[in-house]
Amino acid sequence: MNGANALDRVRIVLSHTSHPGNIGAAARAMKTMGLARLYLVAPAAFPDPVADARASGADDVLAAAQVVGSLEEALAGTVLSGAVTARRRERSVPVRSAREAAAELTGFAAHGDVALVFGRETSGLTNEEVALCSMPVTIPANPEFSSLNLGAAVQLLCYEMRMAALSPGVPASPDGEPASFDEIEGFHHHLEAAMTASGFYDPANPKRLLQRVRRLFGRIRLEKEEVNILRGIIAALERKPD
Ligand code: SAH
């Protein structure tokens with residue numbers, strides 16, 4: 001696929017945005033870099049005249065925006081996603097810089113949609129939201145003053161996506177077919193159910209087991225086939241011996 005097509009596969013997801021002005025600024029930032037697919041998870045106010053004003057000409061991006069109720073809906077069908085976050089998290093999978101993430105996302109775009117997820121103005125992304133994404137992504141800013149305005153953060157990531165997609169050596173795409181968000185979530189839910197039924201996992205005393213398991217599988221890029229194998233193994237172990 002050529003680079004410009006890769007940009008068509010990028011979803012920009014804004015979670016629980018409070019200020020409609022930032023939604024408009026994000027739309028403008030996207031359009032200047034050739035991106036058009038905006039997803040809004042439970043925005044406080046949308047549509048809104050303030051968003052229209054700040055989009056200044058990117059109203060087509062706003063008009064086509066998909067408003068959804070949960071991050072899971074926004075990520076459905078994607079093959080790789082980045083949680084864009086300034087905060088370092090304990091027990092998270094390794095963090096990518098904006099540039100590294102843009103290269104990897106562009107490579108995966110050969111296989112399907114990819115996404116970048118941005119958090120709330122006040123508190124960023126929740127740990128649960130970060131855990132749903134394939135990797136945390138950070139803008140390596142001044143450690144003493146690292147929080148960019150939401151619209152500025154979207155601008156920067158869209159620029160990196162454009163540079164990666166249009167660079168002469170377009171990033172390599174993975175050989176095997178990557179598992180989708182839905183397949184990976186299905187695997188985690190299946191594993192959790194089996195661990196609970198076997199008594200290995202006690203939901204009343206979780207001790208971060210599920211987080212550890214997500215971190216383990218979050219370090220690798222599971223292929224479709226591999227998810228099928230893992231689920232086959234769990235199903236076989238679940239079968240009660242006669
Ligand atoms: N005060 C919030 C930051 C909110 S800024 C917090 O503590 O997390 C709004 C959003 O912009 C963030 O959720 C993130 O998606 C993005 N952002 C701002 N600065 C960033 C940085 N240095 N690296 C990565 N994302 C950043």
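No lab work stands behind these numbers, since they all come straight from the coordinates. What you see is a predicted model; the values in this text were computed from it and never measured. Counting neighbours? That spans all protein chains shown, and the Cβs are built from the backbone with ideal geometry, glycine included.
If each DSSP helix of 4+ residues adds -39,500 (n - 2.57) and the sum is divided by the residues in the chain, what number results at 222 nm, nearest 500 deg cm²/dmol? Write down the numbers at each step before the final one.
Working: 11 runs with 113 residues, N = 242.
When only DSSP H runs of four or more count, the value is -14000 deg cm²/dmol.
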Once the Cα atoms of helix 20-32 and of the chain are each reduced to a long axis, what angle between those two axes, in degrees from 0 to 90 to the nearest 10, is obtained? 80 degrees
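For the range 1-86, what is the relative contact order in percent, using Cα pairs closer than 8 Å and at least 6 residues apart in sequence? Working shown, then result.
Working: 125 pairs, mean separation 26.6, N = 86.
Answer for the range 1-86 is 31 percent.
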Separation of the range 19-59 and the range 145-203 by C-alpha centroid, Å? 23 Å
For the chain, just say rounded, prolate or oblate: build the C-alpha gyration tensor, square-root its eigenvalues into a ≥ b ≥ c, call rounded for a/c under 1.5, and beyond that prolate if a/b exceeds b/c, oblate if not. prolate
List the relative contact order of the chain as a percent without decimals, with contacts defined as Cα pairs under 8 Å and 6+ residues apart. 23 percent
Rounded to the nearest 10 degrees, what's the angle between the helix 98-108 long axis and the longest principal axis of the chain, both from Cα atoms, 0 to 90? 70 degrees
Would you mind checking the tilt of helix 150-166 against the longest principal axis of the Cα atoms of the chain, expressed as 0 to 90 degrees and rounded to 10? 80 degrees
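For a protection proxy built on the mean count of beta-carbon atoms within 10 angstrom, sort 228-235, 56-63 highest first, please. Present the calculation step by step, with values, prior to reporting the outcome.
On the way: 228-235: 13.1, 56-63: 16.4.
The most tightly packed comes first, giving 56-63, 228-235.
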